[in-house]
1. Running Debye on the protein assembly as shown with equal point scatterers at the Cα sites and no solvent, what base-10 log of I(q)/I(0) appears at q = 0.06, 0.07 Å⁻¹?
2. Of all accessible surface on chain A at a 1.4 Å probe, what whole percent is carbon and sulfur?
3. Using 0.36 nm per residue of separation minus the Cα-Cα distance, give me the extension gain between B:L30 and B:K223 in nm, one decimal.
4. What is the Cα centroid distance between region B:198-219 and region A:241-271, reported in whole angstrom?
5. Once you've got the GNM for chain B with C-alpha springs shorter than 10 Å, pick whichever of B:P305, B:P256, B:P26 has the biggest mean-square fluctuation.
6. Between B:E276 and B:M321, take the C-beta separation as r, use R0 = 56 Å, and let me know the FRET efficiency to the nearest 0.05.
7. In region B:284-329, which residues become less accessible by 40 Å² or more once every protein chain is in place, relative to the chain on its own, using a 1.4 Å probe?
8. Expressed in nm to one decimal, what extension gain is obtained for the pair A:E41 and A:L55 from 0.36 nm per residue of sequence separation less their Cα-Cα distance?
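The values are calculated or read from the model by the stated rules, or taken from the named source; none is laboratory data. The shown structure was predicted, so the numbers you read here are calculated from the model rather than taken from an experiment. Counting neighbours? That spans all protein chains shown, and the Cβs are built from the backbone with ideal geometry, glycine included. Accessible surface is based on the protein model in full, side chains and every heavy atom, while ligands, DNA and RNA are left aside. Shrake-Rupley method; radii C 1.70, N 1.55, O 1.52, S 1.80 Å.
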Amino acid sequence: MKALIFAHRMEAIAFLDHLQPRSCEKNIYRSDDLFITYSGEGLFSALYHIQNLLLQYPEIEEVWNYGLAASLNGQQELHTIQSIGNIYRQKDQENMDFQSFALSGEMDLVTSIDRVNDAKTKTYLSRFASLVDREAWAYAYACQRTHKTFRAFKLVSDFAEDLECSQIRSRAEALSLMMWEDYLQRHSNPSLPAKTISLPKGFYFTASLAHRYRELNKKLQKKRGCNSEELLCSLETKKILELKILPKEKTKILLEKMEEALDPDFFTFKKKLQANLTPWKEQEIYFDFGPYLEPNEGQLQMRFQNDKDFLTKLQRLQNMKPSSIFPDPNES
Amino acid sequence: MKVNKIFVEENLQGHESVSRFCESFPKAELHIIDQYENYFQKVKKPYLQKHNNNSIFLAEKRGNLVKAAPDAYGLSGEPHYYYIHAYNCMYECQYCYLQGYFQSPDLVFFLNHEDIVESIRRTYSEHPEGRMWFHAGEFSDSLALSHLSKELPIYFRAFQELPRAYLELRTKSANTKELEKLDPLENIIVSFSFSSHTAAKKYDLKTASISARIQAMYRLYTKGYRLALHLDPIIDSPNLFSDYQQALKELFEKIPANYFSYISLGVVRFTKDVFEQTARNYPESDMLAANFVKSFDNKVRYSKPLRDKILYNMRDMILRMGITKEKIYLCMED
Ligand code: SF4
């Protein structure tokens with residue numbers, strides 16, 4: 001479900017007229033597949049309103065902000081609609097909030113603490129962004145915290161510092177209509193969500209195993225230039241499924257096969273290392289080089305029966321270097 | 001490169017480089033500011049903003065101008081330093097560590113090269129004996145925009161008087177224009193990051209192609225410049241060795257293999273932060289389609305056996321192509 005958020009009712013007016021949504025509570029309207037709402041002006045109203053909205057209607061997955069913004073550098077054509085890229089926030093007269101939000105658009109926007117009506121503030125803000133509004137950072141902040149997708153589209157209504165509210169009010173309906181038309185165009189052409197890799201049948205996956213499986217699957221598809229189906233076929237999953245073992249054990253085998261396919265050198269090396277360690281194991285001397293077999297870290301365990309056995313084993317260890325157990329890379 | 005804004009520190013307004021940068025990017029807005037530190041990295045800017053929204057800062061570097069380089073930086077046993085003449089790069093290598101290092105991809109060019117040179121001289125005098133190394137390009141490409149920054153003659157003059165000091169200019173560009181105007185010096189080495197045609201095309205976005213780098217090296221070779229190669233970072237791929245062999249063969253047909261002063265070899269590696277950033281910036285890159293593990297120094301690398309295999313085979317290949325053993329060093333490896 002998507003929500004369209006505005007600062008002022010007049011910005012939303014064309015949307016309300018065309019969609020005729022029902023009012024569900026103060027400033028919030030709902031149609032079958034859309035919420036329309038307005039938050040009031042300024043960072044705090046915006047934050048308060050959107051947090052309430054997202055809390056009350058968890059079915060909202062995506063929020064789009066439409067609204068007016070002023071140009072800080074005078075380089076945008078008036079009445080064009082800009083898709084927003086980065087959103088910054090002015091903290092006080094001479095400081096910016098470090099936290100910013102990157103959206104999918106191109107034009108940078110700064111959310112100011114006040115209306116910009118002096119040249120000094122305009123110059124300062126123009127060093128960070130081309131457009132200024134009063135709310136978008138708050139919407140982006142709330143969306144990020146609740147893992148909602150956020151996009152913002154700003155209609156360049158005037159130049160900062162020249163701001164004449166009465167003029168904008170008189171044009172409000174026409175400006176809202178421009179945003180509505182822009183919305184219709186974008187809405188009919190949404191970008192497709194990323195496809196998640198589905199889990200193969202007949203295996204058992206916990207959440208973390210599923211995550212591991214998807215990671216490996218994605219990497220192997222890229223490495224081999226194939227799709228998921230072709231990949232599973234090449235891994236001979238059918239044979240694994242025919243084994244008379246528990247689904248959990250089948251998953252273990254599948255993941256091991258995938259890991260081996262991704263880094264065969266690592267597996268060959270591991271096997272050779274295990275072979276090199278066998279004579280030591282037989283003497284109850286155990287080396288452990290950690291899961292990634294980095295030679296600079298290792299553990300040694302030794303079992304002994306009595307003092308004599310202890311000393312004999314120590315003597316054997318005295319002349320050995322752990323690195324000598326590592327297979328020679330030239331051999332692989 | 002699309003530059004939207006140029007920021008100039010007010011005391012540098014009359015500097016000759018400022019007009020060169022402004023003329024090269026005539027559409028960029030000019031902002032006169034007090035100090036670049038008040039704007040650069042003051043807000044978090046996404047790395048990929050460099051696609052279409054770059055700012056350039058022309059500033060003075062304050063604080064440490066020369067720093068000791070990390071261990072295993074170059075040929076071992078000698079002190080290595082790098083000097084800071086710029087932050088960030090116009091290129092976009094998918095593995096670049098700058099994407100996790102700065103909080104903004106904006107480019108900063110420091111114009112007070114005389115101060116940097118002074119700092120180099122001081123460091124030089126602290127080591128009264130033996131060779132020492134200075135590297136440019138720790139935070140940027142050394143040559144990519146050298147036709148605008150035009151600082152090279154200052155360093156050439158300085159290094160002429162510092163015979164024990166070696167300067168390495170490291171690049172992925174083919175921009176040798178400024179170097180060609182200067183006379184080569186025995187203690188200035190131009191090193192090129194080099195890989196296969198396929199790898200450079202896939203991962204070294206916006207840099208000069210391998211063919212263009214070979215041409216650039218050849219131009220410098222005919223001028224008598226000392227050259228070096230960095231086969232670093234090597235990224236595993238199905239035809240890794242044959243692809244590298246092909247590119248190296250093309251290079252060594254133009255310039256004898258043993259002409260190169262040294263060759264470094266390094267397998268792709270990341271700090272944890274850079275690795276995460278890379279995965280966010282290039283989620284579809286096949287560079288990430290590998291078994292990456294946390295290695296001996298906490299960096300994210302290929303598993304040890306794969307690293308060893310790559311380094312061993314690569315080393316063996318270049319030895320067979322005529323490079324002597326002493327000239328090869330393994331970069332940032334145990
Ligand atoms: S050339 Fe160097 S500094 Fe520039 S993007 Fe590539 S790796 Fe980074």
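1. Cα-only, vacuum Debye calculation for the protein assembly as shown: -0.46, -0.62.
2. Numbers: 9270 of 18380 Å².
With neighbouring chains kept in place, the figure for chain A is 50 percent.
3. On the way: separation 193, 0.36 × 193 = 69.48 nm, distance 3.83 nm.
That pair, B:L30 and B:K223, stretches by 65.6 nm at full extension.
4. 39 Å
5. Checking each option, the largest mean-square fluctuation is seen for B:P305.
6. Numbers: r = 37 Å, r/R0 = 0.66.
In this case the efficiency is close to 0.90.
7. The answer is B:A289, B:N291, B:V293, B:F296, B:K304, B:P305, B:K309, B:Y312.
8. Numbers: separation 14, 0.36 × 14 = 5.04 nm, distance 2.03 nm.
Extra length from A:E41 to A:L55 when fully extended: 3.0 nm.
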